[in-house]
Structure formats: structure tokens, C-alpha cells
Amino acid sequence: MTKRFDDYVAVADADFSIASGEFFSMLGPSGCGKTTTLRMIAGFETPTEGAIRLEGVDVSTVPPHKRNVNTVFQHYALFPHMTVWDNVAYGPRSLKHGKAEVKRRVDEMLEVVRLTDFAKRKPSQLSGGQQQRVALARALVNYPSALLLDEPLGALDLKLRHVMQFELKRIQREVGITFVYVTHDQEEALTMSDRIAVMNAGNVEQIGSPTEIYDRPNTVFVASFIGQANLWHGQQQGSDGDYARLSVLGTTLRARPGDTTIETGGQATLMVRPERVRVSMERPSGDVATVSATVTDLVFQGPVVRLQLAAVDGSPILAHVGPEQDLPLLRPGDPVHVSWTPDASLILPAADIPTTEDLEEMLDDS
Ligand code: ATP
């Protein structure tokens, strides 16, 4: 589907399926079109082009309350004068279920969200996380085909957000209902999702499992939005068995090809995650890509030391070094060797490499 607001393309030709029972997240910076996509699935917006099928039936023009989906927003409105139990009972009662069926469903859902002991309380007597669980129970109690969640944890503090991430995943597993989840928080998406659609400027850039997206991003945008990544400009020099040769960082290295074919002589980007970079005093031997570098800065962070280095050509290199590497005390200015196995690298299509400021801006605005 495509969604235009006048001339502005908010969602450009998004085309994907979500499996029944899947925890599917849409992730991207502010304004990338994820909420608009969710609102089209919910029925609050109509696609300009294309269609949405729910269990095989085209629902593109069906109003929200007639689609078998339910939405939980960041600012969920519980009925303040009703108890928790009555808040959850509201849905099945309005569907005119019998008393026994209403009781069965409400009790079951309160059990799932672990609020059985709070059934008689009013929303104002609950914490933020508990209120959010009431909102979830209320949205799930009519067994929708899919639950749509728009940044539902956005109003909670960081600690509670972490707890609720695990809670949400547990609840989703327990009820087996499809969750479609919108977030700008990559950690949240990585923690909970079966699959993630990474969106950028109205386009779905990549869809995959958290590990696929982290280990094999398709683009420089995905690589830099999910986790930290070293990204360097390079030029393809030809293939070398299963690998390619790339001139990069002032030398030529073997690297793992990505999904996009790059012709010999073509521009490319090399990606290596900082935790895959090894740092040593001696030049390592064996089948590794090696670059000479100088330490420029280092920060001790308990389990890892975050090292900033400069390659011979001046390119920055980031290494997250764990205790197993057993390094001597390093200081800025020290010459070292950095290396990684060719499998730890990935060749991506050439693109502008975001600076630290670009990344901060992208994450801030979200
Ligand atoms: P956020 O995380 O900030 O909510 P988002 O990725 O969910 O961002 P959307 O809300 O989907 O982004 O918006 C995508 C783009 O479409 C934005 O540039 C937004 O300004 C625009 N947009 C959304 N709704 C409308 C509307 N009703 N009229 C005009 N433009 C809109």
C-alpha cells in the first residue's frame, strides 16, 4: 500500500505479510511512516493505493470497529470510575456475551496480565505499568485477530519499560494473538519481535528476524540504525572464493558479500560490528582481515572497553573489547593491530555514512 497526504508520500509501496501469531514490529526514526502504516491496518486511515487483507479478506475500506483488530495506544484511556474488572468486561459485555462467558474471559485475561488480585481497584489506584496491563487485557479480551500497539510503553520510565518488554512478549506467547508493534526504540524491537520491518522515509528498507537484521543489514541506514556499526567507504576489487576483495582503510581486505551485487571497480561500504573487532599488540596471523591503527580514545565500561582508533588512512574504528582479549593497559597514541574474521564483515551498497551527530539527531527526534 501507498499513503499520500496531498503530495507528500508518507508510506511508499509497503508490501509485506504478517503471519498469524507473529510478533511483528515496525521500527524507524520519527516521520518514517510507521504510525501511518499501523493506522491503515487499524482502519483509521485508508490507503491511497493498494489493499490490506486480514485473514485473506480485503478490509481496506472497512471501518476500524468492524475489523477484527484492536489498537493499544501510548495514552490508553481506561474508564476511571470503573474497577479493573469492569474495564476489562466492557468489551465482552458490549458484544452481548452471557454473564458466565464474560466472567470466564475477564478472569482469564486478568490471569494472563497477572492482575487478578487487583480486579476490584480503580485505575487511579494502580501504577503506570499496571494500568498498561489493564489496557492490554481490555484489548485482548475479545480475542482480536491482531493487536496493534503504537509505542505502548512510551509513557513509562526506562526500568518499567524493560520489565514490560518481557511481560508483553510473555503475554503474546500465552495468548498466541498476532501483535503488530510500532516503536522507534531498536532495543525494544530486538527484544520482543519475531520479525522487524525497518522503515526509513516512507520506505520499508528491510524485513527480517532481529538476528538477520543485526548480522545482515541490507543498507547503511539499517546497519547504523540497529546497534552500532563501523562503516567505511571502499571499492570492490573482485571476488576471492566465497568472499570479495575490497580496497578500504588504506589496504585491501577480504570481506563477506552482502545481498546486493557490486561490480568490480564499484563503490561499496564495509560494515563490521564493534564487538567483532579484535585489538592486539602483535600482528595476528591466520585468515583475518588486519589493519594497523592508533588508539585515539578509550572508555572503560565494566564488561567492555570501548576503544576508538584511527586506521592508517585516518578512518575511525570502533572496537568493543571484552576481558577475554587480555589487552595490556592502552593509552591514546599507542600503535596496535585491529582485525576481524572475514565472516564478521559485510559489504553493503555505497551510501553516505551517517556521522555521530546525524545518528544522535535521528534518535533524538524519534
Ligand atoms: P513518529 O514516531 O514521530 O510518530 P512515524 O514514523 O510514526 O513517526 P507517521 O506518523 O507515520 O510517522 O508520519 C509519516 C509522515 O506523514 C510524517 O512526515 C507526517 O508528518 C506525515 N503525516 C502523518 N499524518 C498526516 C496527516 N494526517 N496529514 C498530513 N501529513 C501527515
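The values are calculated or read from the model by the stated rules, or taken from the named source; none is laboratory data. Here the structure is a predicted model, which means the values were calculated and not measured. All Cβ positions, even for glycine, are placed from backbone atoms using ideal geometry, and neighbour counts span all protein chains on display.
A compact table of results
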| item | result |
| --- | --- |
| Residues of the range 327-352 satisfying the condition of being within 17 Å of L231 (Cβ to Cβ), touching a Ser or Thr at 6+ places or on another chain (Cβ under 9 Å) and surrounded by fewer than 18 Cβ atoms within 10 Å (Cβ to Cβ) | P349, A350, A351 |
| Residue in the range 245-261 that is at positive phi, surrounded by fewer than 18 Cβ atoms within 10 Å (Cβ to Cβ) and touching a residue at least 60 places away in the same chain (Cβ under 8 Å) present | yes |
| Evaluation of A146 against (1) surrounded by 21 or more Cβ atoms within 10 Å (Cβ to Cβ); (2) within 16 Å of the ligand (Cβ to nearest atom); (3) among the small types (G, A, S) (one fails), failing number | (2) |
| Matching residues, the range 288-321, being over 30 Å from G241 (Cβ atoms) and not in a strand (DSSP E or B) | G302, P303, G314 |
| Some residue of the range 28-47 being more than 18 Å from L140 (Cα to Cα), away from the ligand (no atom under 11 Å from the Cβ) and either in a loop (DSSP other than H, G, I, E, B) or modelled with pLDDT under 95 (or both) | yes |
| Those residues of the range 208-218 which are buried (at least 20 other Cβ atoms within 10 Å of the Cβ) and either in contact (Cβ under 8 Å) with a residue 24 or more places away in the chain or assigned to a loop (DSSP other than H, G, I, E, B) (or both), in sequence order | P217, N218 |
| Any hit, the range 95-111, residues being crowded, with 19+ Cβ neighbours inside 10 Å and within 20 Å of M192 (Cβ to Cβ) | yes |
| Index of the failed condition, T61 passing every other in (1) over 27 Å from A155 (Cβ atoms); (2) more than 15 Å from the ligand (Cβ to nearest atom); (3) touching a strand residue (DSSP E or B) at 6+ places or on another chain (Cβ under 8 Å); (4) of a type outside the set (D, E) | (3) |
